[in-house]
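Undergrad: To start, I am sharing the structure in question, which I have written as structure tokens.
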Amino acid sequence: MSHIHQQPEARGRTDAFGILVVCTGNICRSPLAERLLQAGLDEASPGAFEVSSAGTFAHSGNPAQPGSLTIAAQLGVGLEDFRARQLEEEHIARADLVLVLARSHRPEVLALSPSALKRTFTLREFARILDHMPLRPQREGTWPGLVAEAYRGRQHAAASVAEHDDVTDPYRLGPGAYDQMTREMLPSLSTIIEAAVALRAK
């Protein structure tokens with residue numbers, strides 16, 4: 001993953017599938033997830049996706065934390081130009097899929113935009129549902145259809161693992177917490193990127 005992407009303030013491409021990643025401060029988890037997901041999706045289906053992020057209690061205007069900067073560099077993406085922003089209703093409205101990094105973020109999203117219920121998942125939940133869905137090229141409805149099917153399939157996802165849907169928040173913690181965050185995040189990001197390869201999104 002060698003691409004560096006600036007965080008868009010708004011959907012710049014009306015034909016791109018918009019993904020919004022949400023955490024608390026928008027300085028640790030969601031910046032890293034945003035850049036890794038954008039880089040991977042660009043490789044899978046260039047120009048088809050636009051990934052952004054925001055925080056429910058953002059450190060607005062602040063750069064990403066050093067721990068996330070280090071991990072991003074190790075994984076081949078850049079965060080030097082990143083600046084945090086507060087989650088707003090318009091960000092949710094522009095997104096075709098909202099991926100929150102902890103279950104506690106979902107009510108914050110829905111408080112701003114109740115209509116986003118059917119397209120809001122935790123990152124790990126969405127990946128777990130994708131793991132149980134057969135992905136085929138030219139699937140009917142492509143990504144919007146996939147999100148709708150994932151919502152219908154949510155009730156079939158294993159409830160026993162729902163407690164593991166959160167990605168660890170490493171803010172003000174040491175390198176071990178950042179490593180744990182990365183271990184929890186990467187498999188789900190890979191699942192989504194693999195789905196893009198399978199679907200050949202347009």
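Undergrad: Quick one: which residues, 5+ away or cross-chain, put their amide H under 5 Å from the amide H of residue 51? H built at 1.01 Å from N.
TA: Residues meeting the criterion, in which the H sits 1.01 Å from N, are 19.
Undergrad: GluC sites (Glu not before Pro), restricted to the range 39-104: which are DSSP loop and have at most 15 other Cβ atoms within 10 Å?
TA: 80, 88
Undergrad: For the range 93-107, what does the Karplus curve 6.51 cos²θ - 1.76 cosθ + 1.60, with θ = phi - 60°, yield as ³J(HN,Hα) per residue in whole Hz, taken in order and with x for Gly and Pro?
TA: Taking θ as phi minus 60°, the curve returns 4, 7, 8, 8, 8, 10, 10, 9, 9, 8, 4, 5, 7, 4, x Hz for the range 93-107.
Undergrad: State, to one decimal in nm, how far the label point of residue 111 lies from the label point of residue 89, with both points 7 Å from Cα in the Cβ direction.
TA: 1.5
Every number in this text was worked out from the coordinates using simple rules, so none of it is lab data. A quick note: this is a predicted structure, and the numbers were derived from the prediction, not measured. Note that we place each Cβ from the backbone using ideal geometry, even for glycine, and neighbour counts take in every protein chain shown.
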